[in-house]
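Novice: Take this structure first; my questions come after.
Read the figures in this text as sums done on the coordinates, not as results from a lab. The structure presented is a predicted model; accordingly, all values stated were derived computationally and were not measured. Every residue, glycine as well, gets a Cβ built from its backbone with ideal geometry; the counts of neighbours run over all protein chains shown.
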Amino acid sequence: MLAQGFTRVFYGQYAFTLAEVLITLGIIGIVAAITLPALISKNQDKVLENQYAKAKNILANGYKLMMAKYEIFKVENLPILNDCSAMNEKACMSKEHKKAFNIASDSNGGLSSDILPESYNIQGESEKSPFKWDDVPYLFATADGMIYGVLQDEDVKTFSVVADVNGSKNPNTVRKDLYKFRYSGNGLLADVSSELEQVNKCSIDSLDECKTEEACWALDGVPVSGTDDCPEIYWFNGKCSETGGSRGPWYCR
């Protein structure tokens, strides 16, 4: 009898109504909806950070191994810079890289830029990165899904490697999953990812934004906005300028 009375009192004091249960579940759901995306995003960022560190380590060790195999002490003496036709000879690049990296597939075996993102975002900017996989002469992928693209630098003593640390997956953003490294000297690997964020704002109306001679000369014959005037463009002392004279619409491209 005492036990039965105790049970009734116990349930009477601590029982919840259906409405209270639903309200509690609703609150839990709201809190979860607010906090889970942040937790997921934080976890994804941590995963990408680890993949970045892994990719950098793979590249640093791989090219050091390549140098060691040839007993050379300067990057400029690597066969990929001297024997592979400015890195355009896929068979040569493939042979040399397979000596130093655990490659799952590469440009010489069917890996194509067609399966990779067409563009990458720049954090905090509306413009896309100027980087395009189509401009990369040699690609290789490792078994963990990372994609690397090897590029010839203007300086013939160095070369660069662009790495997408999670393949074609999102977020497809510079310094999130896309990075660029430069290999130079006696085996120094430097992060130069800022180069992937250098959007070309060079135009006939903004000659001071033209940072290269090639970009400057490309504007020769382009009309000034809203006119038929095509000024003569020239590159001098590292700056893009116009002569100040008009050549008229007959010179426009």
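Novice: Can you match percent of Cα pairs over 21 Å apart to one of these, (1) 60; (2) 70; (3) 56, based on a calculation from the structure here?
Specialist: Derived directly from the coordinates: (2).
Novice: Shifting gears a bit: Mind checking the dipole of the chain: about its Cα centre, +1 per Lys or Arg Cβ, -1 per Asp or Glu Cβ, Debye to the nearest 20?
Specialist: 1420 debye
Novice: Along the charge dipole of the chain, which of Pro117, His97, Asn200 sits closest to the positive end, that is, farthest toward it, with unit charges on the beta carbon of Lys, Arg, Asp and Glu (+1, +1, -1, -1)?
Specialist: Towards the positive end, the residue furthest out is His97.
Novice: Taking the Cα centre as origin and putting +1 on Lys and Arg beta-carbons and -1 on Asp and Glu beta-carbons, what dipole magnitude results for the stretch 110-179, to the nearest 20 debye?
Specialist: 200 debye
Novice: Now, a different point. Where the centre of each part is set by its Cα atoms, how far does the stretch 82-155 sit from the stretch 57-81, in angstrom?
Specialist: 17 Å
Novice: Quick check: net charge around Trp235, other residues with Cβ under 12 Å of its Cβ, Lys/Arg +1 and Asp/Glu -1?
Specialist: -3
Novice: May I ask for the angle, rounded to the nearest 10°, between helix 2-14 and the longest principal axis of the chain, with both axes built from Cα atoms and the value confined to 0 to 90°?
Specialist: Orientation of helix 2-14: about 40 degrees from the principal axis.
Novice: With +1 on the Cβ of every Lys and Arg and -1 on the Cβ of every Asp and Glu, and nothing else charged, how large is the dipole of the stretch 111-253 about its Cα centre, in debye rounded to the nearest 20?
Specialist: With only Lys, Arg, Asp and Glu charged at Cβ, the dipole is about 320 debye.
Novice: For a quick check of your reading of the filter: which GluC sites (Glu not before Pro) in the stretch 67-97 sit in a DSSP loop and have no more than 11 other Cβ atoms within 10 Å?
Specialist: Listed in order of number, the matching sites are Glu71.
Novice: Taking the Cβ of each residue in Val222, Val165, Val21 as the centre, tally the other Cβ atoms inside 10 Å and list the residues starting with the fewest.
Specialist: Neighbour counts put them in this order, fewest first: Val21, Val222, Val165.
Novice: In the chain, which longest range has no chymotrypsin sites (Phe, Trp or Tyr not before Pro) that are both DSSP loop (not H, G, I, E or B) and surrounded by at most 13 other Cβ atoms within 10 Å?
Specialist: In short, 74-253.
Novice: In the stretch 84-100, which residues have a backbone nitrogen under 15 Å from the label point lying 7 Å from Ala68's Cα in the Cα-to-Cβ direction?
Specialist: Taking a point 7 Å out along Cα→Cβ of Ala68, the residues of the stretch 84-100 whose backbone N falls under 15 Å are 99-100.
Novice: Work from the charge dipole of the chain (Cβ charges, +1 for Lys and Arg, -1 for Asp and Glu, about the Cα centre) and give the residue of Ala55, Ser225, Phe131 farthest towards its positive end.
Specialist: Value computed over the given set: Ala55.
Novice: Continuing with this model, one more query. Kindly express, to the nearest 10 degrees and within the range 0 to 90, the angle between helix 18-69's C-alpha long axis and the longest C-alpha principal axis of the chain.
Specialist: The angle comes out at about 40 degrees.
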